Amino acid sequence: MRFIVYKGLKDLMLIYPVYTLFFEAAGLPLHQVSLLLALWSLPVVVLEVPSGVLADRWSRKSMILLSCLLKAVCFLLWVIDPSFLFFAFGFLCWGVSEAFSSGAEEALLFDSLKSKGEEGRFEHVYGRAMAAGSVAVAISSFSGGYLAHRLGYRVVVLLSMLCSLLAFTVALGFRDVKVHQQNQPSFAIVKQAFQHLVKRRDVFVFAALLVIPISLADMLDEYDALVAVSHQVPLSLVGIWVGGRYLLQALGAVLAEHVSSRILNAGRSVCLIGGFSLLVSRLIPSISGLVFYFLFYLLLSASSVIQENRIQLSIEEQGRATVKSLISLATNLHALLVFAALAMLASVSAVVVSLAVYCIVGCMGIGWLLPRSKQPLSRS
């Protein structure tokens, strides 16, 4: 329960839906706003794997606590001086925060459950934690704009900082459990984690599904407002559109364990259906096409939780946080390539169709790699 509350508070960022408007109101031109968004991703890519190794060798709990504090520092800098320089330093802190928590959270949760012989509950707890995070983002989407209008941007930023500090307070109660202590050199930990991902075909499939088709939902998220406008959603309702979609993602995360227990190769199958749903959403010009668009997010959210569970169950003595950090690094690099390709497309409709086809083809291609023999972990 503590982990679920932590995830909800961590993702309750009321400034989330309007921070680009905050930058604009502070007098930043568009090219500086774009530069700020790029700065966020720099430490995420550079520190992803080193932070995973540090979490395995040192302390997952400490990395999570530092992550919370760094995000709070980001918002504090934005309040102190809303200028490009302070916005940039803030985004760098936020990016480092994301790198520090990536891998450490899942590793701490799984090993905490495993130490009590309850690792089978990981999918249940993790799914509800992801749901709590999605609900928190939905609340931010619903209320952030209104609060910024009524109270001003700085107050909303301060409230976001308060949520980060509350997440820090909750995380203080975590137990820093490590089933397998990592004492070997950092390079050896990375090598062992990499070999774990590529040597076993079933584990490689689990990771490939997370890196390629499942990650497409987060990429489409960047175009979500444009998709809403293309469906003639009024500007005043775009926040409700985005918030409602996050609520469906929360539902998908909760349903993951039920889907996983009933469908063979559930992660891949659900993701494949999601790809077809996204494609259908553009083929149906009426408002009913939106049902399939939102279904895509629900299904990929469920698939993400299922695959994360399979990855965690596959890890034995490898650096648990390092394994996840390698997957996250591959996901971020893949996203850069996909966004570069999408930049050549002329319409939002072409973007949606391209991502849908890529999702379908990716699921089918990865499916060919599935082990032919039945193994305990082959339920991807």
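The values are calculated or read from the model by the stated rules, or taken from the named source; none is laboratory data. All values derive from a computational prediction rather than experimental measurement. With ideal geometry, Cβ positions are generated from the backbone for all residues, glycine too; neighbour counts draw on all protein chains shown. We work out accessible area using only protein heavy atoms, side chains counted, and drop any ligands, DNA or RNA first. Shrake-Rupley method; radii C 1.70, N 1.55, O 1.52, S 1.80 Å.
At the residue level, L70 shows approximately 40 square angstrom of accessible surface with a 1.4 angstrom probe and all protein chains present.
Let's see if you can work this out: charge +1 on each Lys and Arg Cβ, -1 on each Asp and Glu Cβ, no other charges. What is the dipole magnitude of the chain about its Cα centre, in debye to the nearest 20? Present the calculation step by step, with values, prior to reporting the outcome.
Details: 29 positive and 22 negative charges, 175 e Å.
It works out to roughly 840 debye.
Relative intensity of segment 49-96 on a log10 scale, I(q)/I(0) at q = 0.14, 0.24 Å⁻¹, equals -0.39, -0.77, per a Debye sum over C-alpha point scatterers of equal strength in the absence of solvent. For the chain, the Cys residues with no second cysteine's beta carbon closer than 4.7 Å are C68, C163, C271, C359, C363. The Cβ shell under 14 Å around L248 holds other residues with a net charge of -1, Lys and Arg each +1, Asp and Glu each -1. Each peptide in 158-168, 4-14 receives the mean, over its residues, of other Cβ atoms within 10 Å, and ordering these scores from highest gives 4-14, 158-168.
Per residue, the solvent-accessible area of the chain (1.4 Å probe, heavy atoms of protein chains only, all protein chains present) comes to 43 Å².
In order along segment 92-102, the phi-based Karplus estimate (6.51 cos²θ - 1.76 cosθ + 1.60, θ = phi - 60°) of 3J(HN,Hα) comes to 5, 4, 5, x, 5, 4, 5, 5, 5, 7, 5 Hz; Gly and Pro are listed as x. For the pair segment 140-181 and segment 47-120, the centres of their Cα atoms are 13 angstrom apart. All alpha carbon pair distances within the chain were sorted into 20 Å bins beginning at 0; the resulting P(r) in whole percents reads 28, 61, 11, 0.
Give me the percent relative contact order of the chain, please, defined on Cα pairs under 8 angstrom at least 6 residues apart. All intermediate terms of the calculation are to be shown ahead of the outcome.
Values: 600 pairs, mean separation 98.0, N = 380.
Rounded, it is 26 percent for the chain.
Over segment 169-260, the reciprocal of the mean inverse Cα-Cα separation, the Kirkwood hydrodynamic radius, stands at 17.6 Å.
Between P82, P43, P234, the GNM of the chain built on Cα springs shorter than 10 angstrom shows P234 fluctuating the most.
Multiply the residue gap between A340 and E316 by 0.36 nm, knock off their C-alpha separation, and tell me the result in nm, one decimal place. Don't jump to the answer; show the numbers that get you there.
Details: separation 24, 0.36 × 24 = 8.64 nm, distance 3.66 nm.
Gain in length upon complete extension: 5.0 nm.
Summing Lys and Arg as +1 and Asp and Glu as -1 over all other residues whose Cβ lies under 11 Å from the Cβ of I189 gives a net charge of +1.
P43 sits among other residues whose Cβ lies under 15 Å from its own Cβ, and their net charge, with Lys and Arg +1 and Asp and Glu -1, is -1.
List, in the order given, every pair from K71/K116; K71/K324; K61/K324 whose Cα-Cα distance in the structure shown is over 23 Å. Provide the component values of the computation, followed by the final result.
Details: K71/K116 31 Å; K71/K324 21 Å; K61/K324 16 Å.
Violating the 23 Å limit, Cα to Cα: K71/K116.
Shown here: segment 228-350, whose C-alpha atoms stretch 52, 35, 25 Å along the first, second and third principal axes, sorted largest to smallest. With contributions of -39500 (n - 2.57) from each DSSP H run of at least four residues, the per-residue ellipticity at 222 nm computed over the chain stands at -25500 deg cm²/dmol.
Computed with the Debye formula from one identical point scatterer per Cα of segment 1-45, without solvent, the log10 of I(q)/I(0) at q = 0.20, 0.29 Å⁻¹ comes to -0.77, -0.98. Measuring nothing but how far apart in sequence close Cα pairs (under 8 Å, 6+ apart) lie, relative to its length, segment 72-170 scores a relative contact order of 40 percent. Expressed as a fraction of 2.2 N^0.38 Å, the C-alpha radius of gyration for segment 39-162 is 1.21.
Largest accessible area first, the listed residues W78, W58 line up as W58, W78 when surface is computed with a 1.4 Å probe on the assembled protein chains. Size descriptors for segment 126-215, from the alpha-carbon set: Rg then Dmax equal 20.0, 55 Å.
Around the Cα centre of segment 88-142, unit charges on the Cβ atoms of Lys, Arg, Asp and Glu (plus for the first two, minus for the last two) sum to a dipole of about 140 debye. Within the assembled protein chains, the solvent-accessible surface assigned to T331 is about 30 Å², based on a 1.4 Å probe.
Percent of accessible area on segment 182-315 owned by carbon and sulfur, 1.4 Å probe?
Numbers: 3860 of 5550 Å².
Within segment 182-315, the accessible surface is 69 percent carbon and sulfur.
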